[in-house]
1. For the pair Glu62/Ala216, report the inter-label distance in nm, with labels modelled 7 Å from Cα in the Cβ direction.
2. Evaluate the distance, in nm, between pseudo-label points positioned 7 Å from the Cα of Glu99 and of Val177 along their respective Cα→Cβ axes.
3. Between Lys194 and residues 5 or more places away or on another chain, which pairs have amide H atoms under 5 Å apart, with H built 1.01 Å from N, and which residues are they?
4. Provide the percentage of antiparallel DSSP beta bridges, counting only those with both residues in the chain; round to the nearest 5.
5. Give a residue-ordered list of calculated ³J(HN,Hα) values for segment 10-17 (Karplus: 6.51 cos²θ - 1.76 cosθ + 1.60, θ = phi - 60°; whole Hz; x for Gly, Pro).
6. If the chain between Ala186 and Val154 were fully stretched, how many nm would it gain, using 0.36 nm times the residue separation less the Cα-Cα distance?
7. Counting residues in the chain as N, plug N into 2.2 N^0.38 Å and put the Cα Rg over that result.
8. Taking 0.36 nm per residue of separation and subtracting the Cα-Cα distance, what length does fully extending Val117 through Ala143 add?
Amino acid sequence: MRIVLLGPPGAGKGTQARFLSEHFHIPQISTGDMLRAAVAAKTPLGGLVEDIMKSGGLVSDEIIVKLVLERLQSPDCVNGYLCDGFPRTVHQAEILKAEQVQFSHIVEIDVPDEEIVARLSGRRVHPASGRVYHIRYNPPQIADKDDVTGDPLVQREDDQEATIKKRLRVYREQTEVVVDFYRKWAAIDPKAPKLLKIGGVGDVSEIKTSLFKALAAI
Ligand code: AMP
């Protein structure tokens, strides 16, 4: 399986990515998590991207593509991988195609904007592992503590309402067209990745079930 998960910020990509990664024994490659780790470790890359991320804008295609192409060389990617939040622009998708990076499925998780804003303001994360919770929809066993380690959970800076609205605008303008890119490719080439769209509103386990059913059916 070589999967791309697309969807607006807060669609639940991270949560579903984890299920897919465990089930298919493939690494979850999240460009957002990789960039946040670079910012936290204060690396030169982190210094370059910190302000853009805080503002809700997109990091340059060159930086992202270099990061992902390097990551895909790792031995754990030999039998498949799951890209979460990448490619995020048509240019990124075009470079991957030119570099012959293979994808079997492009999965789009569909969630309306009003739901996203409500959701993201309640999102909490465990920075060290990337585990994601929601104070209402997917609460940790003990409030504000990670289920596995007991570490404190945090709210991401870019989960503030004004930034969420900007990230949604960026998604609608720059990332929805990535789905069109794959749709056009699939229309002319049977070897193109298969496209799936699933509803991302409802219970986490119901969405998981419809995602796995959709993947099994194609
Ligand atoms: P995420 O956790 O996927 O929502 O990513 C958080 C932030 O990282 C985004 O708002 C962007 O600033 C940046 N980012 C992550 N992935 C990409 C990408 N593929 N292209 C450009 N910027 C990205």
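Rule-based calculations on the coordinates, nothing more; no lab input. Just so you know, these numbers come straight off a predicted model, no measurement behind them. Here the Cβ positions follow ideal geometry from the backbone for every residue, glycine too, while neighbour counts run over all protein chains shown.
1. Result for the modelled spin labels: 4.7 nm.
2. In this crude spin-label approximation the distance works out to 2.1 nm.
3. Placed amide hydrogens put His105, Ile106 under 5 Å from Lys194.
4. Close to 30 percent.
5. Couplings: x, 6, x, 4, x, 5, 5, 4 Hz.
6. Residue separation times 0.36 nm, minus the Cα-Cα distance, leaves 7.5 nm.
7. 0.98
8. Once the chain is fully extended between Val117 and Ala143, it gains 7.2 nm.
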